[in-house]
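Asks: First, the structure itself, so that you have it in front of you.
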Amino acid sequence: MRFYTDRFILSPGPTEIPYRVRLAMARETTNPDLDPDFLRVYEGVRGKLRRLLEAGRSDVYVMAGEAILGLEAAIANLVRPGDRVVVVANGVFGEGFADIVRMYGGEPLLVASESWRRSVSLEELDRALEKFRDASLATLVHCDTPSALLNDLMGVAKTVKSYGVPLIVDAVSSVGGVPVDFDGWGVDLLIGGSQKVLNAPTGLTIVVLRRDLWDRIERVGYRGLYLNLKLWRDMLDGKGVFPYTMADTLVYALDEALNIVFEEGLENVYRRHRLAREASWRALEALGLESYPESLEHSSPTVTAITAPRGVDEGRLREHIWLKFGVMLAGSWGRLEGKVFRVGHMGVQASRTHLIIAYTALARGLKDLGYEVSEGKAIEAVEETFK
Ligand SMILES: Cc1ncc(COP(=O)(O)O)c(C=O)c1O
């Protein structure tokens, strides 16, 4: 029998929202356009994000709208018709950047589109940048969530910088779980989301940008309203007002989510995510399952992608696990749909208990479908890692 309490959200975003974050949303609201206290909280959130992402010399905006809004805002403000853009396309979202570039009249130049199981090779990227000397922008996804692939952001940023080309990074599913040194690594624009590792609700996007990018933004001259970064700079930084009414309850939630991260301490948070990745890999080995990324270093500390075993209908398996045990795992998208399924270990989900629940339910689900596996070994693997 499954009861109401059997609800374990182990998907890679939206994620489980801790009680403290939910409680923050119950705070009295006023009119965020008029309330100086709200502006203070918002400015505090910007400061905390600067600290989290080591972006003290850069501009940070938190916009109402989920992460896709941030991705589109980046391209809308930086790409003019005819611009050639190097797109690292080794995953669903990596490839997805190419579509947005096309929508704004740019020409995407795909790199690494065949190797979705490993971080882009810096030599291959270097060759592409050499070949496409007229490219004026590059894009990268730090953690490509549908395949759990982790790209080497520091290495990519260094390589791209040596060609003097600005780099846009989708870090939606790594922010808060994997270190990012925005200023130090020379990233030019980075997009984060609220509903993944930070364990806040869906509905906010984080945009961080290097100040010298404003010249290009002026030259591109994007004329739209909702995605217009210049409006944020001119109104918020210039006059202390928002371009449109902010979703104050979501900002309170994000503020509390960031407090939780800093209370635990960044080093501890990152270590816990690395342990969650290792525990997952060891549990998969104990269950005779295969990770989709080729090796541990190419796999994100925030999510594990599992190749569906031959003959297993992964959709049926996940449905069974949800209905019987109340454990929510995720499938994948695009060319990986039906072939890969995932366990999210983002924020509070990156814990010994969550992973024991995840891999026990997975083992029991496989058993129910007729596969011989031992959940005991998977539990031991998780426990050993977190010892
Ligand atoms: C890497 C990456 N970028 C962007 C997004 C888009 O985020 P949203 O959930 O806001 O649509 C996702 C969501 O899965 C993601 O994983």
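Bear in mind that the values in this text are calculations on the coordinates, not laboratory data. Predicted model only: the values in this text are computed from it and were never measured. All Cβ positions, even for glycine, are placed from backbone atoms using ideal geometry, and neighbour counts span all protein chains on display.
Asks: Which shape class, rounded, prolate or oblate, goes with the chain when its Cα gyration tensor gives a ≥ b ≥ c as root eigenvalues, a/c under 1.5 marks rounded, and past that a/b bigger than b/c marks prolate?
Replies: The shape class here is oblate.
Asks: For SER113 and ASP33 in one chain, what is 0.36 nm times their gap in residues minus the Cα-Cα distance, to one decimal in nm? Present the calculation step by step, with values, prior to reporting the outcome.
Replies: Working: separation 80, 0.36 × 80 = 28.80 nm, distance 4.44 nm.
Extra length from SER113 to ASP33 when fully extended: 24.4 nm.
Asks: Against the globular-protein guess of 2.2 N^0.38 Å, express the Cα radius of gyration of the range 169-295 as a ratio, rounded to two decimals.
Replies: Its radius of gyration relative to the 2.2 N^0.38 Å reference: 1.33.
Asks: To continue, here is another question. Taking the Cα centre of the range 19-262 as origin and charging only Cβ (+1 Lys, Arg; -1 Asp, Glu), how large is the dipole, in debye to the nearest 20? Don't jump to the answer; show the numbers that get you there.
Replies: Values: 28 positive and 33 negative charges, 36 e Å.
Taking the Cα centre of the range 19-262 as origin, the dipole is about 180 debye.
Asks: Which residues among the range 169-194 fall inside the zone where the amide N is under 20 Å from a point 7 Å beyond the Cα of ARG57, along Cα→Cβ?
Replies: Answer for this model: 169, 180-191.
Asks: A further question on this structure: If N is the number of residues in the range 138-229, what value comes out of its Cα radius of gyration divided by 2.2 N^0.38 Å?
Replies: Here the answer is 1.12, to two decimals.
Asks: Return the distance in nm (one decimal) between the two label points of a simple spin-label model at THR245 and LYS131, each offset 7 Å from Cα along Cα→Cβ.
Replies: Modelled inter-label distance: 5.1 nm.
Asks: Which shape class, rounded, prolate or oblate, goes with the range 327-387 when its Cα gyration tensor gives a ≥ b ≥ c as root eigenvalues, a/c under 1.5 marks rounded, and past that a/b bigger than b/c marks prolate?
Replies: Taking the square roots of the gyration eigenvalues as a ≥ b ≥ c, the range 327-387 is oblate.
Asks: Another question, if that's okay. So for each of 90-97, 28-35, 290-297 I average, over its residues, the number of other beta carbons within 10 Å; can you give me the resulting order with the highest mean first?
Replies: Numbers: 90-97: 24.1, 28-35: 11.4, 290-297: 16.1.
Packing order, densest peptide first, comes out as 90-97, 290-297, 28-35.
Asks: Just the number, please: percent antiparallel of the DSSP beta bridges in the chain, rounded to the nearest 5.
Replies: 55 percent
Asks: Where Rh denotes the Kirkwood radius from the mean inverse Cα pair distance, what is Rg over Rh for the range 99-186?
Replies: Numbers: Rg = 12.8 Å, Rh = 13.7 Å.
Value, to two decimals: 0.94.
Asks: Right, another one. How many angstrom separate the Cα center of the range 145-167 from the Cα center of the range 299-360?
Replies: Result: 27 Å between the Cα centres.
Asks: If packing is taken as the mean number of other Cβ atoms within 10 Å per residue, what is the order of 153-159, 360-366, highest first?
Replies: 360-366, 153-159
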